[in-house]
1. Just to be sure I understand the model, the point goes 7 Å from the Cα along the line to the Cβ. What's the resulting residue B:99 to residue B:77 distance in nm?
2. Give the cysteines in chain B for which no other Cys Cβ lies under 4.7 Å away, or write none if there are none.
3. From the cross-link list A:11/A:233; A:166/B:68; B:68/B:89; B:43/B:107; B:63/B:92, which pairs have alpha carbons spaced over 31 Å apart?
4. Can you give me the Rg/Rh ratio for chain A, using Cα atoms for both radii and the Kirkwood formula for Rh?
5. Say we join alpha carbon atoms closer than 10 Å with springs in a Gaussian network model of chain A; which of A:149, A:78, A:21 then has the biggest fluctuation?
6. Mind checking which of A:191, A:105, A:73 has the largest fluctuation in a GNM of chain A, springs on alpha carbons under 10 Å?
7. Per q in 0.18, 0.19, 0.22 Å⁻¹, report the Debye log10 I(q)/I(0) for the stretch A:2-138, using one uniform scatterer on each alpha carbon and no solvent.
8. Let me know the volume per residue of the alpha-carbon convex hull for the stretch B:3-55, in Å³.
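We did not get these values from a lab; they are worked out from the coordinates using the rules stated. In this text, all values refer to a predicted model and were calculated from it rather than measured experimentally. Counting neighbours? That spans all protein chains shown, and the Cβs are built from the backbone with ideal geometry, glycine included.
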Amino acid sequence: MMKEQIQEHVKNLLAEGRIEGFLGLRQQGTDIGPHLFKSADELGDLSLGDRQDPGDSRYPLDKILSRLAFNYPTDTFGVLVRGCDERALQQLFTVSMLHRDRVVPVGFACPPELAEAHQCWKPFPEALVAGEPSPGVVGGEDAVGSQLGLLGKLQEWFDTFDRCVKCYGCRNICPVCYCHDCTLEEAALLPTGEIPPANPNFLMTRAMHMVGRSLCIYCGLCEEVCPADIPLKSLYRLVSKIVGQEAVTPEGLAARQETAGQSVDKAAAG
Amino acid sequence: MDYKTVLTTCAYCGCGCGLYLEVLDGRLIGTLPSKTNPINEGKLCVKGWNIHEFVQHPSRLTKPLIRKNGTLTEASWDEALDYTASRLKEIKEAHGSHSIAFLASAKVTNEENYVIMKFARAAVGTNNVDHCARL
């Protein structure tokens, strides 16, 4: 049902010429991957990223979009968004990686069980086209985070970090990682010259970078992509509490984004 | 404006991770792990994440080179194959077949690796065969 609503909406956007293309997900056989839909004929293969379970096949569409926009800065694109994707869009608008006038978000709501699993406080976007918004989890704490804690169990966390295989997947998949020169490639954080090479010790650095600058939108793609199963989203939540600024916790971030959105709208209206 | 993702299999080792190559206007611009592939379940190693880089890399060897007077010089395939065959034969005759080793590749098919193994053992007469995936 949700899918049909989205298909219909995108079909109209394409027909009205409002967008050059719609960046969404396409199902081919049992595979689901990103696809730029350029005509209504293709929309039959649209997927919302649920293969076996809700949201088990999510991709960083906003990140892909920012690259398309870099190459085609005057084109307008539609993009499929969940609540977290829309938060990423806001971040990318703020840092001018995307222009809000050239992005048409097409949103749908996540089911309550997905919101619960990800401890998501706003499992639906403002640009809601399909689905019933579920309330989300306020002040939640995920199972791993509450079990481990951070300051009292630092050694356990550092032992966990030792599993890192330096694939950079957490950075590569992150919808809001946009720096050209990445701190994680800083030579000081990457001991070399010994065989076997020492484990990189940049995971805490990344946590501070993502959380301290209020970038993290807590989508959890980093955690899903990690071949070593390091609970990165749990780490970021814990760090956000320790840093202790309202603005960097998930709830604080929500408030901050609302304020930022209003001020930008006011500026545009003025 | 032509953006597409192409589902394929990583060529770096024998695991067979599924990935999407991102293609913009005929150029490979990125790699994304396939979330639905049962082998890698949306994960990749550092090599897989960067596999789009080698295909169209300007430093990629596309023509045979022969070192002449200390300088690598472009050569035709016929010249390169003749030179290699005659030198392999000379070395084998002078120093024996075990003075030669073969290094196969993870970026070619099983069949091509079979052929180089067979060539080493049956034609040259050595078991010195190894593979670049032994990292």
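1. Spacing of the two 7 Å Cα→Cβ label points: 3.0 nm.
2. Cys with no partner Cβ under 4.7 Å: B:13, B:15, B:45, B:132.
3. Check vs 31 Å cut-off fails for A:11/A:233; A:166/B:68.
4. Dividing the radius of gyration by the Kirkwood radius yields 0.98.
5. Sorting by GNM fluctuation, first place goes to A:149.
6. Maximum fluctuation in the GNM of chain A, among the listed residues, is at A:191.
7. Debye intensities relative to I(0), on a log10 scale: -1.00, -1.12, -1.44.
8. Per-residue hull volume (Cα only) is 63 Å³.
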